[in-house]
Structures are given as structure tokens and as C-alpha cells.
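Contents: one structure, followed by commentary.
Please treat every number below as a calculation from the coordinates, not as lab data. The model shown is predicted, which means the values in this text are computed figures rather than measured ones. Reconstructed Cβ throughout: ideal geometry from the backbone, glycine too, with neighbour counts over all protein chains shown.
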Amino acid sequence: LRAIVTHVTSPSIAIESIVGGISFQKQDRILKQHKPDIIVATPGRLWEFIQAGHEHLISMPRTLVGVVFDEADRLVESQHFVELGSILKFLRDKRPEDMKRQTFVFSATLTFVHNNAMLPGSNSKKLMKNLSNGKKMDIISKLGKFAFITRCLLRDMLGLSAKAKVVDLSSSEFTENQKNSSTERQQQSGEAPKTGVLLPSSLSEYRLICQDQVDKDALLVWLLMAARLTNPGRALIFINSKSGARRLSGVLRQCPEISSKLGLLHADMMQKQRLRSLERFQASEEAVILATDVAARGLDFASCPVSWVIHFDIPRTAETYIHRSGRTARANRPGRSVVLIAPGDIVHWRKLAKNLRHLPIDKGIPDLPDLLEPLPTVEDLNRFRSITHLMRQMDEIQHSASKKDADRDWLVRTAREADVDIDSDLGISSDDEEGGPKRKPAKQIAAKSLNSLKHELSSLLHSWKQSTNRKEKKNQKLFYRSKKCFISQDFTA
């Protein structure tokens, strides 16, 4: 927004953001000093300022001409629902009777699964009753039903009138007339609209079948180390859970080729930690970030485009797949979306592909095609499986040693506070309790095993680099030879 308003010379437009996780006092000073014309805010922090009686925000409804709800379907989640309702009530109650205000609602998937829910005048109670047919639902159906209900709540909360305009840019399959004729039928039946999804033309989608979870780790390491040699760029890896992100982070950090470029992003991190991870990600063109779906929306890497989006875990919903993939191929730049599919994921993925509609149901999406050539040979895959096996072993040893040290420290500290003696059978001497000579921590004991594994890992990485260099030299020779042959033929002609 600031980049756009630089082209407006008169009057000047001030823009500020207020979000949680940053000092309330600092944002308070900024609002008082600049008195912004446009405020970009999260519901929680905005309501906090309104409750505090901030002068600029209290007077806002009298002059407010437009309200924009971005990622609107996320705003009605449980943690934001109360604040959003309170903000809307505040804006309605304080608005002058003769003043008109325009409301905009945006989301990439707002009309995707159940677009009827946002249509003014649709009977939300009847539609929800039609959805509740008493049959056993799988997780995709449950999540789709939940998404529909949240859209109904959002529409009712915003009070959309019969004159509201609904502009759906997510469909690539139906014309407007076809869509209008099908909408009435879908409203009566409560079925999901059979519409395709319009994704960027510069986005290339692939799948990669894995034999098991261990194989999935190995193929991810291959993607990060080998595939990015021919198609370099930043990589954003999505995992469904925070525990899964921490586990994978521990494994990848064992590889020196990846660890220096690796970042982590999930909901349990403080705001400053998240910003630091994003800054490191932006600083290097070879950066990798492991993220939960907290990073699936709202991140626009304008100055540092993301080349790879890797779905390490299958997205829970088709909407999540769209938002994840939307982190790359922005502003007509090329991007790749790769889904890693283990045998246990296949049924889930087929249902997801069916909802997406633009993907063939029988095959999902194509395997890695010519774009990522050369594809890994059997020798390469075996080498990366060995590399990943060592990385997993090293992570397990470190994790086990850290847990033992933490348990031991907790036991000693608790015993000291309770003034009790620790049984010698637990392997903790009285010296540990009294501050005398202490036993070596588990990390030091495990260091010998780790050093041996590190040496073995280093040898495997060195062997892979040599093999890669030989292949590159061979390809260069073939290229120059073919070029020389072409030139000689040209002269002969």
C-alpha cells in the first residue's frame, strides 16, 4: 500500500499497521504521531486499542468510508471471532445515520468449497441442514462442512445485503451463465460447487511418490541438495504439525549443506523469532524454511521470490493446498509446487485432487517431469537414503542425550528443593546434589558416537559432490562436442 500511495502527491496518505507481538506502547506512539488515514490491523490488537479508548480509533467510525476484510474466512476462527464481532458492532453503533460505508471481503478460497455460503439471501440454516445428512464423514468432508459453516457465520456477521456483489476469480471451468444456472441447484441441494481452480499459469505442479516416511525424508534431502542445483531458489517446506516441523528441523540441521540456510516458522514462536526467521530467509537465495500452515497465508515475499513450495505433509484441505502453493509463482514469476506422497497418503490425496478438479483424479498430478532433469538415478537415491539415515541417527542421539540431561537436571533440582536424598540406583551421586564433582553430561558421552557419524556423513557428502562434478564435466563435454559438430556442418554447407 505504501508503494502505491507514493504516486499520490496530494493529499498525502499515511498508512500504519498494528499487530500483536509488537510493543503496544510503540504502536500507540505511532498512531498518535501519524494519525494514519489507512490502518492495517489484526482483530485482537485493533480491539485492544479500541478498548483502551485510543483517541484516533474512537473517532474513526465517524469518518470511515471503507472496511476491508482480507483472508476473511480465517477471521471467523475461534480465536478471532469475538474480537471481530465486537469491532463490527463498534463500527455500526458509532456510524452516523447519513453516512455510507463500503465493505470489501477478500479470500483466495472464500467461494471455493461452498461458495453458496457467501451469496446474499441464501438460506444458511437450510443449507447446513442439507449438509448434516447423518452419514459418517471422513476428515475432508468434516473440514469442508466446517469451512461452509464459517462462511455462513461470516456472511451473517457482515450483514451482506441482496445488493452485494460476489466476484469469484477462483473458477476456470464454467462461464458466468453456467455458474449462475448451477448456483440455484446447489443452493437447494447443499452440494459443493463443481468448479475448477484458477492457479497462476507460471506455477508448475508435481508429485513425488515415496516408499515410506524414511524415503520421504531422503527425497526431501535430494530435492534440497540435488534438484536445486539445476533449478535454484528459495524453498518453503510445509508440515502439518509443530512437532513434525521440529522433528524434521532436527534431522535437516545435521547436514552442513542445509543447516546454515535452514529456518523454522510455527505458531508457538514469538513474533520476534518469526521475524528473524523471515529475515534470514530473505537474506539468502538458497534459504530453506520449515513451516506449518501459519505461513500458508499472508506472506508475500515480493523482494525475495520463493521458487519451491514443498508439501512434505499432504494438506488437510484443498483450500490449504491452494494457499500453500500461492506462496510461489507470484507476480508472473515461475514457481514449483511439489507434493511428497507416502503410501498412507494416497487415499487422502485422491480426495484432495478430486476437490481441486483441475487435477486428474486417477493420477493426481504428474510425476517430476523433464523440468527437473536429471532425475535421481538408483545410485543417487541409495546414496541419499544413506545420507538421511545417518542424519536421523545423529538427531536421535542428540535428542536422547538432551532429554537425559534435562531429566537429570530436573531430578537434582527437585530433590534439592525438597531436601531429599536421591537413590544411588538412579545414577546420580551425592556430589551432583551438593555441587561437587559432577558426572559427564549425556551430551559429552554421546559426542564420540556423533563424531563417528559426522565423519561418515562427511565422506558420503564428499562422494556425492565428486560424482556430481564428474557428471557436470561430462555434460559440458557432450555440449561442446555437439556444438562443435553443428558448427562444422554449417561450414560444410
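Between ILE30 and THR63, full extension at 0.36 nm per residue minus the direct alpha carbon distance yields a gain of 9.9 nm. Taken one residue at a time, the phi angles of the stretch 91-99 give Karplus couplings (6.51, -1.76, 1.60, θ = phi - 60°) of 5, 5, 5, 8, 6, x, 5, 8, 9 Hz. Gly and Pro are set to x. Remark: spin-label model distance LEU411-LEU381 equals 4.5 nm, labels positioned 7 Å along the Cα→Cβ axis. By other beta-carbon atoms within 10 Å, ranking GLU319, GLU205 with the fewest at the front produces GLU205, GLU319. By the beta-carbon count within 10 Å of each Cβ, the least crowded to most crowded order of SER107, SER303, SER17, SER243, fewest first, is SER303, SER243, SER17, SER107.
The 3J(HN,Hα) values that the Karplus relation (6.51, -1.76, 1.60; θ = phi - 60°) gives for the stretch 385-401 are, in residue order, 5, 5, 4, 5, 4, 5, 4, 5, 4, 4, 5, 5, 5, 5, 5, 5, 5 Hz. Gly and Pro appear as x.
In terms of its C-alpha gyration tensor, the stretch 279-356 has a prolate overall shape, because the principal axis ratio a/c (a ≥ b ≥ c, square roots of the eigenvalues) is not below 1.5 and a/b outweighs b/c.
What separates the Cα centres of the stretch 299-328 and the stretch 240-292 is a distance of 15 Å. For the residue pairs LYS272/LYS404; LYS89/LYS165; LYS448/LYS471, alpha carbon separations beyond 27 Å are given by LYS272/LYS404; LYS448/LYS471. Residues whose amide H comes within less than 5 Å of that of VAL339, counting only those at least five positions distant or on another chain, are TYR206, ARG207, LEU208, HIS311 (H built at 1.01 Å from N in the peptide plane).
In nm, to one decimal, how far is the ARG470 label point from the PHE104 one, both placed 7 Å along Cα→Cβ? Using points 7 Å along Cα→Cβ, the separation is 5.9 nm. For the stretch 204-328, the square roots of the Cα gyration tensor eigenvalues, ordered a ≥ b ≥ c, give a/c below 1.5, which places it in the rounded category.
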